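Everything below concerns the one structure shown next.
Each value in this text was obtained by applying a stated rule to the coordinates, not by laboratory testing. Nothing here was measured: the structure is a model prediction, and the numbers come from that model. Here the Cβ positions follow ideal geometry from the backbone for every residue, glycine too, while neighbour counts run over all protein chains shown.
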Ligand SMILES: C[S@@+](CC[C@H](N)C(=O)[O-])C[C@H]1O[C@@H](n2cnc3c(N)ncnc32)[C@H](O)[C@@H]1O
């Protein structure tokens with residue numbers, strides 16, 4: 001494999017700016033049909049669309065389709081390129097149920113021919129079959145978590161190594177350009193995807209997704225450059241070019257991308273590349289173990305709740321018994337007080353003396 005410099009975002013948008021203008025109505029219509037710009041803005045659509053046109057892949061792999069922003073822009077690029085297929089992966093059925101029917105109103109039926117939208121766990125993919133004889137592969141890595149990072153770095157990249165490829169990673173910002181927050185703002189440390197708004201800062205990467213950790217580890221071990229879209233757009237375009245793009249493309253252009261990219265093609269052949277292990281069986285086993293643990297935990301929680309409710313019942317019964325005992329004690333004290341009062345009364349003294357007298361004169365001894 002020859003030692004190749006990857007296509008850059010700045011080069012792509014500059015070289016493909018006329019194509020963006022020609023495609024602007026289509027891109028806007030598709031973007032409106034997806035109606036999910038919080039996953040990908042129109043300017044990010046343009047950055048990936050021009051990257052695909054410039055790179056000219058014969059296969060685009062989309063890991064993570066969601067509502068289908070990237071699905072649409074890559075399928076549009078594949079239609080324009082010809083001889084390019086898009087294989088898209090997602091657990092969600094949103095594409096089939098929500099987005100595809102709306103997109104079908106904008107594009108001809110043949111537009112969907114180059115797209116294969118799979119539903120299911122991408123970790124189970126037969127990667128050699130997926131790649132087939134493709135020689136130029138654009139991979140979008142937009143599904144998150146360490147298992148997917150294991151899959152991309154351990155199962156896909158070893159097979160991409162000897163083909164021309166480019167890997168694009170979403171949801172990572174470049175602190176040198178993106179004006180990202182540095183303060184913790186009362187937040188604890190980032191612990192993984194589920195930490196919501198808490199973000200991780202690694203060098204100039206700012207992200208909330210685990211693949212940021214995995215890719216810094218991977219590129220550091222392999223002395224590989226992890227490129228930033230923002231760095232490319234800020235440093236490769238001259239001020240005049242930037243101004244021209246802003247004027248020509250308007251909302252389709254931004255100098256910020258919030259995505260990173262890399263390619264093993266940059267490594268000279270003689271240098272080794274180290275890949276992590278990937279085993280789908282091991283992941284299934286981990287998932288099964290986690291499920292067993294979860295079920296056991298739920299059962300322990302149920303038992304704990306039962307024991308707590310039994311304890312509460314016993315406590316109530318004990319309190320009732322203590323109250324009854326107190327009442328009985330109070331009744332006893334009251335009776336004893338009455339007896340003592342009776343015994344000290346004049347009538348009682350006379351009664352007592354009368355019985356003593358009766359006893360003395362031999363009438364009767366019982367009271
Ligand atoms: C951030 S969204 C993708 C957004 C999309 N690229 C876009 O441009 O609109 C990530 C998607 O990855 C999918 N995903 C996560 N884990 C997955 C897995 N193991 N297999 C398949 N899809 C997965 C989720 O269902 C989710 O829809």
**Q.** With Cα atoms, 0 to 90° folded angle of helix 17-34 axis to the chain main axis
**A.** 30 degrees
**Q.** Separation between Cα centres of the stretch 116-141 and the stretch 1-74, rounded to whole Å
**A.** 18 Å
Q: Assuming a ≥ b ≥ c are the square roots of the Cα gyration tensor eigenvalues, decide whether the stretch 287-358 counts as rounded (a/c under 1.5), prolate (otherwise, with a/b larger than b/c) or oblate.
A: prolate
(Q) Can you tell me which of 69, 187, 15 moves the most in a GNM of the chain? Springs connect C-alpha atoms under 10 Å apart. (A) 187
Q.
Can you tell me what share of the DSSP beta bridges in the chain is antiparallel? A percent to the nearest 5 is fine.
A. 35 percent
Q) Rounded, prolate or oblate: which fits the stretch 60-115 when a ≥ b ≥ c are the square roots of the eigenvalues of the alpha-carbon gyration tensor, with rounded for a/c under 1.5 and prolate only if a/b beats b/c? A) oblate
Q) So which residue, out of 175, 71, 235, gets the largest mean-square fluctuation from a GNM of the chain using Cα contacts under 10 Å as springs? A) 235
Q) Got a sec? How would 86, 216 order by Cβ neighbour count within 10 Å, fewest to most? A) 216, 86
Q: Could you check which residue among 232, 41, 220 shows the biggest mean-square fluctuation in a GNM of the chain with a 10 Å Cα cutoff?
A: 220
Q: Name the shape class, rounded, prolate or oblate, that the alpha-carbon gyration tensor gives for the stretch 176-263, where a ≥ b ≥ c are the square roots of its eigenvalues, rounded holds for a/c under 1.5, and otherwise prolate holds if a/b is larger than b/c and oblate otherwise.
A: oblate
Q) To one decimal place, what orientation-averaged projected area in nm² is obtained for the convex hull of the Cα set of the stretch 9-278? A) 14.4 nm²
Q: Order the peptides 329-337, 264-272, 100-108, 46-54 from the highest to the lowest mean number of other Cβ atoms within 10 Å of their residues.
A: 46-54, 100-108, 264-272, 329-337
Q. Ranked by Cβ crowding within 10 angstrom, fewest neighbours first, how are 17, 191 ordered?
A. 191, 17
